[in-house]
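Every number here is computed from the coordinates shown, using simple stated rules; none is lab data. Every value quoted in this text rests on a predicted model; they were computed, and no experiment measured them. Please note: Cβ atoms are built from the backbone with ideal geometry, for glycine as well, and neighbour counts cover all protein chains shown.
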Ligand code: PAF
């Protein structure tokens with residue numbers, strides 16, 4: 001890895017490219033200089049969790065590209081694509097402050113030109129959990145993420161563990177398609193009261209924001225109970241009851257194999273506890289390891 005000074009940006013901050021030709025040209029320049037590249041895929045509305053991924057990426061590669069694209073194919077018509085926060089100038093200022101090199105900000109026509117006809121069918125870690133409630137979601141994520149991998153040619157790609165099933169699906173997809181990228185997990189960044197940072201937290205009213213950490217508290221209590229010998233399903237049933245009592249509507253509260261995300265079959269498997277619940281009109285997800 002070539003030595004570069006970090007945290008110092010020119011007056012203009014990161015270079016911003018919006019066409020595939022400009023992206024490829026910029027990346028080719030990095031490659032000619034012998035530099036490695038890490039990708040942080042995002043939909044913008046950047047928070048400290050995204051910035052931690054950028055900083056993790058900077059420790060792995062000479063150059064870091066952040067993609068900002070609110071991907072229409074991962075939203076159902078009933079979901080929040082229209083109101084998803086779009087805060088581009090603020091995002092670029094945050095990226096400039098940490099010395100990010102490049103922002104890839106395609107528009108929908110660049111990403112999905114007229115006639116685009118490819119979709120992906122996923123099994124394995126994509127089965128159940130999110131897919132039971134958002135059946136369109138992972139095919140949309142897999143298409144856009146595989147395009148981002150191929151467009152940037154990144155050596156590393158960083159995904160937050162907060163979207164744990166997405167992390168597992170993308171890791172499997174890259175391996176299955178022999179895409180030469182190393183998918184790297186980043187630890188979930190939390191508020192002081194335990195709420196996992198999410199771009200959607202800004203939808204919460206002050207009262208909902210005060211309630212929201214109950215998900216993390218319930219998952220933590222379940223993990224403690226499992227370590228103390230409680231059966232995972234019983235511990236997660238208690239967690240679900242706690243969250244429901246706080247006024248949330250639970251989509252799922254599940255203990256799964258941490259790698260395959262299959263239901264637990266044998267003792268001694270690595271366990272991940274995953275939750276999704278509605279607080280008013282906001283859907284929150286979270287997870288922890290045991
Ligand atoms: O996690 C997200 O923000 C999105 O699902 C991703 C990975 C950027 C794909 O659109």
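Using the beta-carbon distance between residue 178 and residue 260 and R0 = 25 Å, what value does 1/(1 + (r/R0)^6) give for FRET efficiency, to the nearest 0.05? Calculated value: 0.80.
Look at the Cα gyration tensor of the range 81-208: its axes a ≥ b ≥ c give a/c under 1.5, and that counts as rounded. Counting every other Cβ atom within 10 Å of each residue's Cβ, 220, 152 order from fewest to most as 220, 152. Calculated on the Cα set of the range 150-276, radius of gyration then Dmax: 16.5, 47 Å. Legend: ranking of residues 256, 283 from fewest to most surrounding C-beta atoms inside 10 Å; resulting order 283, 256.
Compactness of the range 7-92 is given as radius of gyration and Dmax, 14.5, 46 Å, from Cα positions. For the chain, the 222 nm mean residue ellipticity estimated from helices alone, with every DSSP H stretch of n ≥ 4 adding -39500 (n - 2.57) and the total spread over all residues, rounds to -11000 deg cm²/dmol. The relative contact order of the chain comes to 17 percent, based on Cα pairs under 8 Å that sit 6 or more residues apart.
Axis angle, to the nearest 10 degrees, between helix 232-245 and the longest C-alpha principal axis of the chain: 90 degrees.
Here, P(r) means the percent of Cα pairs in each 5 Å bin from 0 to the largest distance; for the chain it is 1, 5, 11, 15, 18, 17, 13, 10, 6, 3, 1, 0. Expressed in Å, the radius of gyration and Dmax of the Cα atoms of the range 23-144 are 16.0, 46. Angle between the Cα long axis of helix 164-176 and the longest principal axis of the chain, 0 to 90 degrees, nearest 10? That works out to roughly 50 degrees. Please identify which residues in the range 90-110 have an amide N closer than 14 Å to a label point set 7 Å out from the Cα of residue 202, following the Cα→Cβ vector. Only 90-95 fall inside the zone, counting backbone N under 14 Å.
Sorting 278, 104 by the number of Cβ atoms found within 10 Å of their own Cβ, with the fewest placed first, yields 278, 104.
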